[in-house]
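> Take a look at the following structure, please.
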Amino acid sequence: MRIIAGSRKGHTIFAPKGRSTRPTGDRVREAAFNLIGPIDGASVLDLFAGSGATVVRRDARTALAAEAAAGRTYDLVLADPPYEDWPELERSLASYLGGVLAPDGLLVVETPARTEPALPLALRTSRRYGSARLTLYEREP
């Protein structure tokens, strides 16, 4: 997987071998960051970093619950779980996601193109890119 922006632009991250990891394609990642806009200085929580390029390796539900309980908030939360896991994860993550978004924070969820997430947040947009769907949410005003 190639990093497409920022100070590490052009570098490659290798995803673990196997079928449980599905790196997001360049086109979808580029589209996501075009929708998100600049993130310089943003605090980011990536719940499903399949490449292992995160600081803490922990089950996403456990990590999200701990962040919410600690009162931590993030400007950008990324949720790109294995597609087949989304139906079960949607219910368990929904109760915590609003609590970890900063007041002007943004949640980006990647699902299969035919799946439309239904989370208790304000929908900003939902767009299809080939076999993927990006859905962006904000905190309720």
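> Filter the range 59-100 for residues that are surrounded by 12 or more Cβ atoms within 10 Å (Cβ to Cβ) and of a type in the set (D, E, K, R); which is nearest to residue 110 (Cα to Cα)? Spell out the reasoning first.
To start, the set of residues in the range 59-100 that are surrounded by 12 or more Cβ atoms within 10 Å (Cβ to Cβ) comprises 60-61, 63-68, 72-83, 85-86, 89-90, 92-100.
Of the ones still in play, those that are also of a type in the set (D, E, K, R) are 61, 67, 72, 75, 80, 85, 90.
On the way: 61: 16, 67: 21, 72: 23, 75: 17, 80: 5, 85: 12, 90: 12 Å.
Filtering first and then ranking leaves 80.
> Continuing with this model, one more query. Working only within the range 53-79, note down all residues that are touching a strand residue (DSSP E or B) at 6+ places or on another chain (Cβ under 6 Å) and either assigned to a strand (DSSP E or B) or touching a residue at least 40 places away in the same chain (Cβ under 8 Å) (or both).
Answer for the range 53-79, where residues must be touching a strand residue (DSSP E or B) at 6+ places or on another chain (Cβ under 6 Å) and either assigned to a strand (DSSP E or B) or touching a residue at least 40 places away in the same chain (Cβ under 8 Å) (or both): 74, 75, 76, 77, 78, 79.
> Listed residues 109, 44; which is within 29 Å of residue 12 (Cα to Cα), touching a Pro at 6+ places or on another chain (Cβ under 7 Å) and among the aliphatic types (A, V, I, L, M)?
Result: 109 is the single residue among 109, 44 that is within 29 Å of residue 12 (Cα to Cα), touching a Pro at 6+ places or on another chain (Cβ under 7 Å) and among the aliphatic types (A, V, I, L, M).
> I'm checking my understanding of the structure. Among residues of the range 80-120 that are part of a strand (DSSP E or B) and in contact (Cβ under 8 Å) with a residue 60 or more places away in the chain, which one is nearest to the chain's Cα centre (by Cα)?
Quick first cut of the range 80-120, residues part of a strand (DSSP E or B) only: 101-112.
Of the ones still in play, those that are also in contact (Cβ under 8 Å) with a residue 60 or more places away in the chain are 106, 108, 110.
Numbers: 106: 10, 108: 5, 110: 7 Å.
The selected residue is 108.
> List the number of the failed condition for residue 137; all other conditions in (1) assigned to a loop (DSSP other than H, G, I, E, B); (2) closer than 26 Å to residue 40 by Cα; (3) of a type in the set (Ser, Thr, Tyr) hold.
With (1) assigned to a loop (DSSP other than H, G, I, E, B); (2) closer than 26 Å to residue 40 by Cα; (3) of a type in the set (Ser, Thr, Tyr) applied to residue 137, the lone miss is (1).
> What are the residues in the range 107-141 that are surrounded by fewer than 18 Cβ atoms within 10 Å (Cβ to Cβ), within 17 Å of residue 78 (Cβ to Cβ) and of a type in the set (Asp, Glu), if any?
Residue satisfying the conditions is 138 alone.
> To continue, here is another question. Tell me which residues, restricted to the range 17-48, are surrounded by 14 or more Cβ atoms within 10 Å (Cβ to Cβ), modelled with pLDDT under 80 and either more than 15 Å from the chain's Cα centre (by Cα) or more than 18 Å from residue 7 (Cβ to Cβ) (or both).
Correct list: 21, 22, 23, 24, 25, 28.
The values are calculated or read from the model by the stated rules, or taken from the named source; none is laboratory data. Only a predicted model underlies this, so the values are computations on that prediction, with no experimental measurement involved. Cβ sites come from the backbone with ideal geometry, for glycine too, and all protein chains shown count toward neighbours.
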